[in-house]
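Below is one structure; the comments refer to it alone.
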Amino acid sequence: ENYAIDTTGGAITATLPAAPVQGDAVFFADAGGVYATNNLTVARNGNTIMGAAADKVVSTNAESFGLFWSGIDWRTY
């Protein structure tokens with residue numbers, strides 16, 4: 001899935017699936033260009049992201065990135 005996230009109205013949290021299937025992928029793009037002002041938080045929902053047991057907070061304006069489920073954890077691309 002692809003998501004254009006507009007945080008101009010305030011910070012947003014996107015929650016990843018709790019039971020992903022290997023190969024699942026999501027892509028996020030900063031539609032409003034203000035992630036530095038109003039962060040996007042990607043909630044890990046019990047799984048790890050790049051081996052870390054922490055949510056991913058995105059605070060760089062105009063950042064676009066993807067996550068895919070490797071079968072072990074969410075990996076960035």
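What percentage of the solvent-accessible surface of the chain, computed with a 1.4 Å probe over protein heavy atoms, is contributed by carbon and sulfur atoms?
Values: 2050 of 4130 Å².
In the chain, the share of accessible area belonging to carbon and sulfur is 50 percent.
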Here the Cα Rg-to-2.2 N^0.38 Å ratio for the chain is 1.04
Net charge (Lys, Arg +1; Asp, Glu -1) of residues whose beta-carbon lies under 15 Å from that of Tyr3, Tyr3 excluded, is -4
Other residues with Cβ under 14 Å from the Cβ of Val21 give, with Lys and Arg +1 and Asp and Glu -1, a net charge of -3
Phi angles of region 68-77, converted by Karplus (6.51 cos²θ - 1.76 cosθ + 1.60, θ = phi - 60°) into ³J(HN,Hα) in whole Hz with x for Gly and Pro, give 10, 8, 7, x, 10, 7, 7, 10, 7, 8
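The values are calculated or read from the model by the stated rules, or taken from the named source; none is laboratory data. Just so it is clear, the structure is predicted and the values come from calculations on it, not from any experiment. Glycine gets a Cβ as well: all are built from the backbone with ideal geometry, and neighbour counts include every protein chain shown. Keep in mind that these areas ignore ligands, DNA and RNA; they rest on the heavy atoms of the full protein, side chains included. Shrake-Rupley method; radii C 1.70, N 1.55, O 1.52, S 1.80 Å.
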